[in-house]
Amino acid sequence: MAEVERKKRLADYGLHSERLLMRRKEPGVFERELGDLEDKLMLTTVEKAVAWAQGHSIWPDTFGLACCAMEMIAIVSSRYDVARFGAEVFRSSPRQADLLIVSGRVAHKMAKPLRQIYDQMLEPKWVIAMGACASSGGMFANYAILQGVDKIVPVDVHVPGCPPRPEALLEGIVRLQEKVIAGVPPAYEIRDVAS
Ligand code: SF4
């Protein structure tokens with residue numbers, strides 16, 4: 001049985017984040033059984049095409065929490081036009097969405113519904129923590145607010161600001177696109193946590 005080597009590490013994709021410090025998982029049993037079949041059948045090329053399509057058709061869930069949500073709503077307007085990046089289709093059901101934009105502070109009461117929404121999204125799925133509050137609790141260092149949404153869901157991209165302007169969120173979406181197209185696995189795979 002041929003042992004499959006991981007062909008690329010994250011650094012090979014040109015990314016320079018703290019995640020590069022994390023060791024990647026070993027190949028699974030299925031991957032080991034497949035051996036180099038993937039290369040022989042040129043499935044890699046198909047994967048690249050799928051990744052390209054996924055990157056250009058990210059559908060966010062319709063989900064807003066606080067002031068940051070106003071900036072998120074603005075990205076579909078003609079001024080910012082997120083449709084240029086194929087991400088304007090905000091879905092009303094998490095089962096039809098693959099991106100969760102956490103736009104605002106997360107109260108502890110809201111943590112469970114947020115996680116439920118995330119769980120109902122199909123894989124692969126991604127999370128953007130928008131703004132200081134979603135990323136770290138922001139100015140709300142108190143008992144009522146979750147001090148960073150990455151405590152309950154794996155975050156792919158953090159967008160800084162209070163609030164981040166719509167352009168900043170667009171930048172976050174473009175960064176996410178780059179990762180998806182480059183074949184970088186979603187955060188739940190990299191961090192090896194329950195998706
Ligand atoms: S980061 Fe600022 S704008 Fe966004 S939810 Fe927190 S306080 Fe509101």
**OP:** Treat the count of other C-beta atoms within 10 Å as a stand-in for reagent exposure and order D119, D61, D98 from fewest to most.
**Re:** D119, D98, D61
Original post:
Residues with amide H under 5 Å of W126's amide H, sequence separation 5 or more or different chain, H placed in the peptide plane at 1.01 Å from N; which?
Top reply: L99, L100
**OP:** Step through the residues of the range 148-165 one at a time and calculate ³J(HN,Hα) from phi using the Karplus curve (6.51 cos²θ - 1.76 cosθ + 1.60, θ = phi - 60°), rounding each to whole Hz and writing x for Gly and Pro.
**Re:** x, 6, 5, 6, 10, 9, x, 9, 8, 9, 9, 10, x, x, 8, x, x, 6
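Expected output is a single nm value to one decimal: the length gained when fully extending between A53 and R84, i.e. 0.36 nm times separation in residues minus the C-alpha distance. What is it?
9.8 nm
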Subject >> Coil-residue chymotrypsin sites (Phe, Trp or Tyr not before Pro) of the range 134-195, DSSP, other Cβ within 10 Å capped at 10 >> reply: Y143
Original post:
What are the ³J(HN,Hα) values, in whole Hz, obtained from phi via the Karplus relation 6.51 cos²θ - 1.76 cosθ + 1.60 with θ = phi - 60°, for each residue of the range 120-129 in sequence order, with x given for Gly and Pro?
Top reply: 7, 6, 7, 8, x, 9, 9, 10, 10, 8
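Bear in mind these aren't lab numbers, they're just calculated from the coordinates by the rules spelled out. Since the model is a prediction, treat every value here as computed from it, not as a measurement. A quick note on method: Cβ atoms are made from the backbone with ideal geometry, for glycine too, and the neighbour counts reach across all protein chains shown.
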